[in-house]
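The values are calculated or read from the model by the stated rules, or taken from the named source; none is laboratory data. For clarity, every value in this text was computed on a predicted model and none was experimentally measured. We place every Cβ from the backbone using ideal geometry, glycine too, and count neighbours over all the protein chains shown.
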Amino acid sequence: MAKQIEVAGLDAYYGAHKAIEDITMTIEPRTVTAFIGPSGCGKSTFLRTLNRMHEVVPGARVEGKVRLEDQDLYGPDVDPVSVRRTIGMVFQRPNPFPTMSIYDNVAAGLRLNGRFSRSELDGIVESSLKGANLWNEVKDRLNKPGSGLSGGQQQRLCIARAIAVRPQVLLMDEPCSALDPISTLAIEDLISSLKQDYTIVIVTHNMQQAARVSDKTAFFNLAGQGQPGKLIEMDDTSRIFTNPGQKATEDYITGRFG
Ligand SMILES: Nc1ncnc2c1ncn2[C@@H]1O[C@H](COP(=O)(O)OP(=O)(O)OP(=O)(O)O)[C@@H](O)[C@H]1O
Ligand SMILES: [Mg+2]
């Protein structure tokens with residue numbers, strides 16, 4: 001659980017368009033890292049290169065290295081499906097499987113592996129829903145559809161589904177942007193408790209959120225229209241928000257960007 005990620009000299013392309021350029025960073029285990037920066041600077045693209053979701057887009061490719069501890073994630077023998085199991089993802093809009101029950105939503109990834117008894121599944125579903133801080137709200141209606149939950153509950157269901165397969169890293173792309181403030185705080189609390197077991201990377205446009213939940217913050221920026229996004233700096237979150245090393249970072253976090 002909770003492994004370190006090391007990225008070196010990473011470029012990502014959509015066809016001929018280079019979306020991000022020469023990104024090098026280390027993400028420590030059991031930390032929350034926030035990615036911030038203006039729209040289009042490549043935060044989501046970079047996030048998706050970390051679990052090989054980027055290449056799902058036709059014509060998309062990556063150059064450079066991503067390592068999870070001692071494993072080269074883009075090595076020739078690596079199965080991208082197993083990478084996506086080890087490095088799970090939670091999306092902007094909660095996306096529970098609409099026709100499935102709450103229980104089946106959480107169990108879906110485990111059933112793909114097909115080697116769990118019913119009682120083992122019961123145990124993992126319960127511990128995942130507890131881990132996602134949703135158990136008390138749904139334990140009496142596990143067989144009702146996941147789509148019947150509130151937006152914030154659906155997002156916690158998606159987090160339960162992601163942690164059920166016991167990933168080492170959780171990637172979250174603006175996981176609160178479709179949620180009300182109370183549900184947002186619930187997810188932020190959850191992120192803080194999950195970092196005891198997982199390495200978490202979260203993309204957010206909400207500076208307060210980055211300041212509240214993350215240990216490290218990475219600021220990405222664009223040099224201009226059509227230019228690739230770059231990592232400007234990464235540091236302790238407290239430092240990025242009080243005394244960043246680069247003027248572009250300061251301009252962005254103080255709202256003078258543009
Ligand atoms: N599926 C795609 N096909 C082609 N180009 C894409 C695709 N997805 C993103 N891009 C391009 O890659 C660049 C980076 O986009 P990306 O979505 O990673 O930015 P972002 O920082 O996540 O932005 P936002 O804050 O708006 O979510 C943009 O120029 C975008 O137009
Ligand atoms: Mg994005």
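Please give the number of the condition ARG84 fails out of (1) within 30 Å of GLY226 (Cα to Cα); (2) surrounded by 20 or more Cβ atoms within 10 Å (Cβ to Cβ).
The number of the failed condition is (2).
Determine the pairs where a residue that is closer than 20 Å to LYS216 by Cα, located within region 1-26, has a partner that is of a type in the set (Phe, Trp, Tyr) and at pLDDT below 95 with Cβ atoms under 9 Å apart, the partner being 6 or more residues away or on another chain.
Listed pairs, sorted by first residue: MET1/TYR198; ALA2/TYR198.
For ASN113, are the conditions met, namely being touching a Lys or Arg at 6+ places or on another chain (Cβ under 8 Å) and either farther than 23 Å from HIS205 by Cβ or free of Cβ contacts under 8 Å to residues at least 12 places away in the same chain (or both)?
Against the criterion (touching a Lys or Arg at 6+ places or on another chain (Cβ under 8 Å) and either farther than 23 Å from HIS205 by Cβ or free of Cβ contacts under 8 Å to residues at least 12 places away in the same chain (or both)), ASN113 does not qualify.
Say whether the condition of being buried (at least 17 other Cβ atoms within 10 Å of the Cβ), within 11 Å of ligand 1 (Cβ to nearest atom) and of a type in the set (D, E, K, R) is met by at least one residue in region 44-57.
Within region 44-57, one or more residues are buried (at least 17 other Cβ atoms within 10 Å of the Cβ), within 11 Å of ligand 1 (Cβ to nearest atom) and of a type in the set (D, E, K, R).
Out of the residues in region 180-212 meeting the condition of being within 16 Å of ligand 2 (Cβ to nearest atom) and in contact (Cβ under 8 Å) with a residue 40 or more places away in the chain, tell me which one is surrounded by the most Cβ atoms within 10 Å (Cβ to Cβ).
VAL201
Please enumerate the residues belonging to region 7-43 that are assigned to a strand (DSSP E or B) and surrounded by fewer than 15 Cβ atoms within 10 Å (Cβ to Cβ).
ALA8, GLY9, TYR14, HIS17, ASP22, THR24, THR26
On the basis of being closer than 23 Å to ARG156 by Cα and in a loop (DSSP other than H, G, I, E, B), does ASN105 make the cut?
Here the answer is no, as ASN105 does not meet what is asked.
Which of (1) closer than 18 Å to TYR198 by Cα; (2) away from ligand 2 (no atom under 16 Å from the Cβ); (3) touching a residue at least 40 places away in the same chain (Cβ under 8 Å); (4) aliphatic (A, V, I, L, M) is the odd one out, the single condition VAL83 does not satisfy?
Here VAL83 meets the rest and fails (3).
When only residues in region 18-42 that are closer than 17 Å to ILE191 by Cβ and within 15 Å of ligand 2 (Cβ to nearest atom) count, which is farthest from the chain's Cα centre (by Cα)?
If we take residues in region 18-42 being closer than 17 Å to ILE191 by Cβ and within 15 Å of ligand 2 (Cβ to nearest atom), then ILE36 is farthest from the chain's Cα centre (by Cα).
Which residues, counting only those in region 58-91, are assigned to a loop (DSSP other than H, G, I, E, B) and more than 11 Å from ligand 1 (Cβ to nearest atom)?
GLU69, ASP70, LEU73, TYR74, GLY75, PRO76, ASP77, VAL78, ASP79, PHE91
Just for region 44-57: of the residues that are part of a loop (DSSP other than H, G, I, E, B) and away from ligand 2 (no atom under 13 Å from the Cβ), which one is farthest from LYS230 (Cα to Cα)?
Top of the filtered list is VAL57.
Looking only at residues in region 165-178 that are more than 16 Å from ligand 1 (Cβ to nearest atom) and surrounded by fewer than 24 Cβ atoms within 10 Å (Cβ to Cβ), which one is nearest to THR33 (Cα to Cα)?
Looking at the filtered set, the residue picked out is VAL169.
Scan region 247-255 and give yes if some residue there is of a type outside the set (Lys, Arg), within 25 Å of ALA12 (Cβ to Cβ) and either assigned to a loop (DSSP other than H, G, I, E, B) or touching a Cys at 6+ places or on another chain (Cβ under 8 Å) (or both), otherwise no.
no
Quick check, is ILE36 in contact (Cβ under 8 Å) with a residue 40 or more places away in the chain and closer than 20 Å to PRO167 by Cβ?
Against the criterion (in contact (Cβ under 8 Å) with a residue 40 or more places away in the chain and closer than 20 Å to PRO167 by Cβ), ILE36 does not qualify.
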